[in-house]
Amino acid sequence: MKIAPKILLPCLLFLATIFSACTNNAADNSNAASPEQSNSQISSANKNANQTKDNVEVLMTIINLPLEPEETVWRENVPNNPNSETPNSSANKKKLTAVLRFSAVDAEKTVLQAQSYQPPSSVQIQTEDWFPAELLAQSELSGDETLKGTSYAANDFIQTPFTVGQIIRIENSNYFILELASE
């Protein structure tokens, strides 16, 4: 019977060592990102980038805002694959759409400044489900879910990485829709 404790103790130590090694490998493996996890993390980052935001201070770090709007809602669309080898593809362009509501005085200042870059033109713009309720209601009155407005050059709002754009004043309102893109 004296042999059993001498064999039992080394066996228990051996088993304890094996189990501790297995748990350390499981912890290491759980921290390693699989390709599927990496892709889902990238996908969720793109979804977050495409979310509607209303923080004017953050928007002011991305674009120039010559006048501070009274109301701001915006969305930045990030390219699906920023590492793509086709740099001129529209899928690789970074885009920003913002709905800005200015005071009546600032709306007129914005129009006067924008007119100095190029003549305005009449346009119709399709509404998005994240636009303010007032604009959605106005688009429903038109019957085709579009908004009529006047398009101007967006030179005063452009900041790198954005290089082109337009700002559209919606008819009968102080709302503007700013559309910027990278080339």
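The values are calculated or read from the model by the stated rules, or taken from the named source; none is laboratory data. As the structure is a prediction and not an experimental result, all values here were calculated from the model. No Cβ is skipped: glycine too gets one built from the backbone with ideal geometry, and neighbour counts run over all protein chains shown.
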Original post:
Any idea which of (1) more than 21 Å from the chain's Cα centre (by Cα); (2) not in a helix (DSSP H, G or I) is the one GLU128 doesn't satisfy?
Top reply: (1)
Original post:
How many residues are surrounded by 12 or more Cβ atoms within 10 Å (Cβ to Cβ) and either within 22 Å of ASP54 (Cβ to Cβ) or among the polar types (S, T, N, Q) (or both) when one looks only at segment 113-160?
Top reply: 27
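For (1) modelled with pLDDT under 95; (2) touching a Ser or Thr at 6+ places or on another chain (Cβ under 7 Å), each residue gets a yes or a no:
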| position | (1), (2) |
| --- | --- |
| ASN92 | yes, yes |
| ARG101 | no, no |
| ASP106 | no, no |
| VAL111 | no, no |
| ASP144 | yes, no |
| SER151 | no, yes |
